[in-house]
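Working notes for the structure below.
The values are calculated or read from the model by the stated rules, or taken from the named source; none is laboratory data. These numbers come from a predicted model, not from an experiment. When we count neighbours, we look across all protein chains shown, and the Cβ atoms used for this are built from the backbone with ideal geometry, even at glycine. All accessible areas refer to the heavy atoms of the entire protein, side chains included, with ligands and DNA or RNA removed. Shrake-Rupley method; radii C 1.70, N 1.55, O 1.52, S 1.80 Å.
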Amino acid sequence: MSSSESSKSSSHDNFGTLAVHAGQTPDPHTGAVMTPISLSTTFVQHSPGVLYPAGFDYSRGGNPTRAALEGNLAALEGGKYGLCFGSGLAATAAVILSLLKPGDEVVSIDDAYGGTGRYFERIAAPITGIKFNLVDLSDVSLLEPAINERTRLVWVESPTNPTLKITDIAKVCEIAHRHNLIVVIDNTFMTPYFQNPLELGADVVVHSVTKYLNGHSDVCMGAVITSNEEIHTKIRFQQFAAGSVPSPFDCFMVLRGTKTLHLRMQRHQENAMAVAEFLSSHPKVDKVIYPGLASHPQHELAKRQARGFGGMVTVCLKGDLKEARVFMENLKIFALAESLGGVESLANHPEQMTHASVPAERRKVLGITGSMVRLSVGVESVTDLVADLEQALSKL
């Protein structure tokens, strides 16, 4: 069975209602309000090739719990189709392998998540022959010169990870579509609560569902959302044929997570703004990067294309790796860990952790230095979070 379609709008006025209900109906047999975890791997047929109305035959091809989640995520992004995968990188790979062929080229943001860059350059490029051209798309004027007759797709993260650069999504789509290119936006950091790239003209949205959509640091999953039937059909076939699908239990867990997405993202942003403002005035801090601050070079663009600024804050301390280590080793509430987007606050050192696979020369160009710390600001008491940062900074 194909993933669930959603015909509902992602209008922000009814976002909370969609988050709680989209893609889900009470169980027709038991009346259960919550979507059941369907563990069956196979489904009976009326006659050879004649399926029951729901259209399921084998769980790699479709599962009732997964279909509910796929419909839910599609509705939140304002898309028609949703597809879920075993991880965010599995979703990324599915997009690349479904839509491109050897010899094709991609214009990609130069500051993508380290795992995305690693897949592009160390897996996809040498194995498939697809070429990835890295461009600073926060300067949209650089996009058109990077396009040639072999370019087929533009890949954007906005904001980027970890330097939180913002790309004008609508302008990128305008330029790319003049050249008949597909535009893919990684919306992991913003989530559909704050930003809907499909409404800005994007063709495909990808998510690391592991992060904010699930929100509790206990599921690894990715998702692809689109309203383009042809694109959906190609990626859907890749999902079915390659089989990188999430478990029904994980889908159930994410459905639980999306029900509170709107509530969590409000608190993430409130806390992130308070943390960013505190750090901006601290004498041991060199620079704070947060789109919600007026000091961010693309603050006005962030206000125009999104409804908020998210929960990620990047800080550069005065000093280098030594000072960053002391700071992070002394944090009590912020946990030193990979990943982001959970209800708990996390601190990450991109140079040594998430972006260690990025060549040192490129990290230098991107400004990913030893003094940089990425904070995923959680939903705890903001007074406690600020106090934790203050006491850790006092050790420098």
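Looking only at region 269-291, count how many residues are within 25 Å of residue 169 (Cα to Cα) and open to solvent by 10 Å² or more (accessible area, probe 1.4 Å). If you could, list the steps in order and put the result at the bottom.
So the first thing to find is which residues in region 269-291 are within 25 Å of residue 169 (Cα to Cα), and the list is 269-270, 272-273, 276, 288-291.
Those left that are additionally open to solvent by 10 Å² or more (accessible area, probe 1.4 Å): 269-270, 273, 288-289.
Count: 5.
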* Residue that is surrounded by the most Cβ atoms within 10 Å (Cβ to Cβ), among those in region 92-110 that are assigned to a loop (DSSP other than H, G, I, E, B) and free of Cβ contacts under 8 Å to residues at least 60 places away in the same chain -> 100
* Structure fact -> A careful count of residues in region 256-296 that are touching a Phe, Trp or Tyr at 6+ places or on another chain (Cβ under 8 Å) and either modelled with pLDDT under 95 or of a type in the set (Gly, Ala, Ser) (or both) gives 3
* Asked: Restricting attention to region 159-195, which residues are outside any helix (DSSP H, G or I), under 23 Å from residue 262 (Cα atoms) and in contact with a helix residue (DSSP H, G or I) (Cβ under 6 Å, 6 or more places away or on another chain)?
  -> 166, 185, 187
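Looking at 358, 313, 288, 275, which is the one that is within 17 Å of the chain's Cα centre (by Cα) and either outside any strand (DSSP E or B) or within 25 Å of residue 387 (Cβ to Cβ) (or both)?
Selected residue: 313, the only one of 358, 313, 288, 275 that is within 17 Å of the chain's Cα centre (by Cα) and either outside any strand (DSSP E or B) or within 25 Å of residue 387 (Cβ to Cβ) (or both).
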* Asked: Which ones in region 232-250 are among the β-branched types (Val, Ile, Thr), closer than 14 Å to residue 90 by Cα and either free of Cβ contacts under 8 Å to residues at least 40 places away in the same chain or out of contact with any Ser or Thr (no Cβ under 7 Å at 6 or more places or on another chain) (or both)?
  -> 245
* Structure fact -> All conditions in (1) within 25 Å of residue 173 (Cα to Cα); (2) buried (at least 24 other Cβ atoms within 10 Å of the Cβ); (3) in contact with a Phe, Trp or Tyr (Cβ under 6 Å, 6 or more places away or on another chain) are true of residue 213 except (3)
